[in-house]
Amino acid sequence: MDRRYMKEAFDVGQLSRPDVIQNPYPFYDLLRSQSPLFGYCDYPPGTMPGVDEPKPSWVVLNFDDVAAVAWDHESFSSRDSLQEGSSAPTLMLVNHDRPDHTRLRKIAAKVFQPSSIKSLSPEVDRLVAASMDEFFMPNQPVDVMAQYCAMLPSRVMVHLLGMPDEMDRDVRNWATAFMLSANITPQERQSFNTEAMGFFEKHVREQMTRIERGQAANGSLLNAFINTEVDGESLSYEEVVRFCMTATVAGAETTSFYLGNLIAVFADFPDIWERFVHDPVLFDAIYKETLRFHGPPQRLFRVATRDITIGRADIKRGDWVACFFGAANYDPEIFPEPYEFLLNRENASRHMSFGYGIHRCLGAPLARLEAESTARTLTERYAKIERTGTAEWQGVSLLNHGLTANPVIFRDRK
């Protein structure tokens with residue numbers, strides 16, 4: 001399509017088009033200079049397309065405006081009335097404001113402290129190796145999204161929450177339903193949400209009973225949610241249940257897309273793969289630039305708590321605001337040559353794929369652990385990663401940017 005025609009015809013209401021969701025960055029470029037813009041309607045995680053009615057919102061697309069909204073938690077609430085009124089559970093931390101957020105984050109920060117995450121390395125390495133053994137066939141086409149990227153994060157969550165191994169597919173279904181990545185009916189989405197909450201309500205209660213009786217209880221993350229205390233405060237039963245749900249839907253879905261995007265970088269930029277093979281220290285730069293270049297999280301909503309001006313927009317109390325973190329990652333004023341994958345990008349760590357401010361993702365170290373183990377194991381097993389078919393990007397929701405099909409060939413070292 002002619003770019004001039006696009007500029008004349010494209011408006012903010014079309015950000016939910018499937019073709020835009022698949023590749024939103026050129027469309028962000030068309031709108032960025034006009035941001036903030038009003039009129040975008042879309043769904044927060046946990047809501048029901050076809051049942052719930054999204055509210056028109058302001059769209060912020062340039063880096064400085066996104067940062068301003070995400071940082072100012074006093075003026076922009078993370079509480080989501082649409083999600084709270086839906087049948088799905090409210091996410092922990094993501095949908096909390098202070099003072100509740102402060103108490104919950106202190107406890108969660110101790111649960112996800114670096115030493116605790118690092119101690120998970122051996123088990124994550126085991127799950128990575130076992131999943132590659134199961135799903136990868138050297139020198140033959142493999143769609144890594146269909147199995148490995150879909151299932152590894154679910155298996156990690158199953159292990160950390162002390163669930164039966166065979167529930168890995170259940171976790172995958174729950175995550176895609178809640179995070180709106182699956183194009184399913186409202187009835188199916190409701191069924192998955194009900195199933196997930198029903199399981200965790202029973203599972204957490206049983207785990208608490210085992211701990212009280214001094215019995216062995218698998219699931220280091222679940223045990224930490226139950227046992228961790230900060231300043232005399234601990235999580236209630238209901239809060240543990242919802243933390244399990246939050247960890248499941250965020251940890252399984254977003255990490256799944258990130259792993260697929262990382263493997264896409266290795267397949268589509270062979271020079272990056274070759275440099276990494278010869279210099280594993282480059283993983284840090286690759287990891288951060290992939291989060292900027294192919295960061296899964298694209299946008300989250302906030303609600304204005306007072307009249308406030310952002311850019312040229314006079315936003316009123318009660319107005320919804322969509323923070324497009326993915327658009328901020330492509331703002332050329334902050335990231336020159338945004339369409340280039342640059343390992344020497346000095347400010348790559350400023351990407352917003354893990355959010356910004358008090359809501360920056362606490363689970364980021366776990367996502368990195370899975371990504372680093374995957375990348376390292378690939379270099380140990382394979383000489384090359386080649387693109388063997390068309391990479392297909394999901395076009396269901398702008399909550400996440402990721403692949404639905406990622407066909408590659410892993411060339412054996414032997």
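Structure above, values below:
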read-out	value
Residues located in region 23-66, provided they are among the aliphatic types (A, V, I, L, M) and closer than 15 Å to Leu300 by Cβ	Val59, Val60, Leu61, Val66
Among residues of region 271-313, those that are among the acidic types (Asp, Glu), open to solvent by 10 Å² or more (accessible area, probe 1.4 Å) and under 20 Å from the mean Cα position of the chain (by Cα), counted	1
Region 160-177 residues that are more than 20 Å from Leu369 (Cα to Cα), paired with ones that are among the basic types (Lys, Arg) and modelled with pLDDT under 95 (beta carbon under 9 Å, 6 or more apart)	Ala177/Arg189
Breaking point among (1) open to solvent by 30 Å² or more (accessible area, probe 1.4 Å); (2) in contact with a helix residue (DSSP H, G or I) (Cβ under 8 Å, 6 or more places away or on another chain); (3) closer than 18 Å to Pro270 by Cβ; (4) not polar (S, T, N, Q), for Trp393	(3)
Members of region 146-158 that are modelled with pLDDT under 95 and surrounded by fewer than 23 Cβ atoms within 10 Å (Cβ to Cβ)	Ala146, Gln147
Test: Phe324 is aromatic (Phe, Trp, Tyr), at pLDDT 95 or above and in contact with a Pro (Cβ under 6 Å, 6 or more places away or on another chain)	no
In region 251-265, the residues that are β-branched (Val, Ile, Thr) and over 16 Å from Val156 (Cα atoms)	Ile263, Val265
Residue pairs meeting the criteria (Cβ under 6 Å; at least 6 apart or on separate chains; first open to solvent by less than 20 Å² (accessible area, probe 1.4 Å), in region 91-104; second polar (S, T, N, Q) and in a loop (DSSP other than H, G, I, E, B))	Asn95/Ser78
So Glu370, is it in contact (Cβ under 8 Å) with a residue 60 or more places away in the chain and of a type in the set (Asp, Glu)	yes
Given (1) at pLDDT below 95; (2) open to solvent by 30 Å² or more (accessible area, probe 1.4 Å); (3) out of contact with any Phe, Trp or Tyr (no Cβ under 9 Å at 6 or more places or on another chain), number of the condition Lys316 does not satisfy	(1)
Qualifying helices (runs of 4 or more DSSP H) (wholly inside region 113-222; at least 1 residues being in contact with a helix residue (DSSP H, G or I) (Cβ under 8 Å, 6 or more places away or on another chain), within 21 Å of Leu262 (Cβ to Cβ) and not hydroxyl-bearing (Ser, Thr, Tyr))	114-118, 121-135, 148-160, 168-178
Residues within region 354-384 that are open to solvent by less than 40 Å² (accessible area, probe 1.4 Å) and more than 26 Å from Gln113 (Cα to Cα), tallied	4
Residues of region 339-353 classified as surrounded by fewer than 19 Cβ atoms within 10 Å (Cβ to Cβ) and either touching a residue at least 24 places away in the same chain (Cβ under 8 Å) or touching a Phe, Trp or Tyr at 6+ places or on another chain (Cβ under 9 Å) (or both), total	9
So Arg242, is it out of contact with any His (no Cβ under 7 Å at 6 or more places or on another chain), surrounded by 20 or more Cβ atoms within 10 Å (Cβ to Cβ), of a type in the set (D, E, K, R) and part of a helix (DSSP H, G or I)	yes
Subset of region 202-219 [open to solvent by 60 Å² or more (accessible area, probe 1.4 Å), under 22 Å from Ala175 (Cβ atoms) and modelled with pLDDT under 95]	Asn218
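The values are calculated or read from the model by the stated rules, or taken from the named source; none is laboratory data. It should be emphasised that the depicted structure is a prediction, and the values quoted were computed from it without experimental measurement. Positions of Cβ are generated from backbone atoms using ideal geometry, with glycine treated the same way; all protein chains shown enter the neighbour counts. Side chains are part of the model used for accessible areas, which takes the heavy atoms of the whole protein and leaves out ligands, DNA and RNA. Shrake-Rupley method; radii C 1.70, N 1.55, O 1.52, S 1.80 Å.
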